[in-house]
1. Look through the range 9-36, keep the residues that are of a type in the set (D, E, K, R) and either buried (at least 16 other Cβ atoms within 10 Å of the Cβ) or at pLDDT below 95 (or both), and return whichever of them is farthest from Met87 (Cα to Cα).
2. Considering only the range 12-25, I want to know if a residue exists there that is in a loop (DSSP other than H, G, I, E, B) and more than 12 Å from the chain's Cα centre (by Cα).
3. From the list Ala40, Ala10, exactly one residue is closer than 16 Å to Pro69 by Cβ and among the small types (Gly, Ala, Ser). Which is it?
4. Give me the residue from the range 44-85 that is closer than 20 Å to Glu21 by Cα and among the polar types (S, T, N, Q) and, out of that set, nearest to the chain's Cα centre (by Cα).
5. I'd like the residue in the range 63-86 that is among the hydrophobic types (A, V, I, L, M, F, W, C) and more than 17 Å from Phe45 (Cα to Cα) and, out of all such residues, is surrounded by the most Cβ atoms within 10 Å (Cβ to Cβ).
Amino acid sequence: MSQHHNSTRADRIAKKKFKDECAAAGLPCWLSGCTIDYNAPWNDFDNPRRFQRDHFFPASTHPDLYYDPDNWRPSCAECNEARGNSMAVGGLGIPSRQWVPTE
């Protein structure tokens, strides 16, 4: 839980719903693409693949988006903790074809 927000009953329910939806879809960590252990308890601190709800715009810099589901991403604890409160730097996704430079 972020040090910037108190855990409320509504937030815990929303977080569980988000986790369940991500698990049902088998979503990987949005930061690295690694597999998330959705069955691990939140406090299994020895498991770097346990689920954590990440915020695309960090909660520390965008507290107004903390409760916004559009700002949430599934992540593993290792990647989320390594990212900290920095802005995410990601790739563009899977290219539609192999692009080559032209002269």
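1. Kept after step one, since they are of a type in the set (D, E, K, R), are these residues of the range 9-36: 9, 11-12, 15-17, 19-21.
Filter once more, keeping what is either buried (at least 16 other Cβ atoms within 10 Å of the Cβ) or at pLDDT below 95 (or both): 9, 11-12, 15, 19.
Details: Arg9: 28, Asp11: 23, Arg12: 24, Lys15: 21, Lys19: 22 Å.
The extreme case among them is Arg9.
2. Of the range 12-25, the ones in a loop (DSSP other than H, G, I, E, B) are none.
No, that holds for no residue.
3. Values: Ala40 fails: closer than 16 Å to Pro69 by Cβ.
From the options Ala40, Ala10, the qualifying one is Ala10.
4. If we take residues in the range 44-85 being closer than 20 Å to Glu21 by Cα and among the polar types (S, T, N, Q), then Ser75 is nearest to the chain's Cα centre (by Cα).
5. Trp72
The values are calculated or read from the model by the stated rules, or taken from the named source; none is laboratory data. Worth saying up front: this structure is predicted, and the values here are computed from it rather than measured. Backbone-built Cβ (ideal geometry, glycine too); neighbour counts: all protein chains shown.
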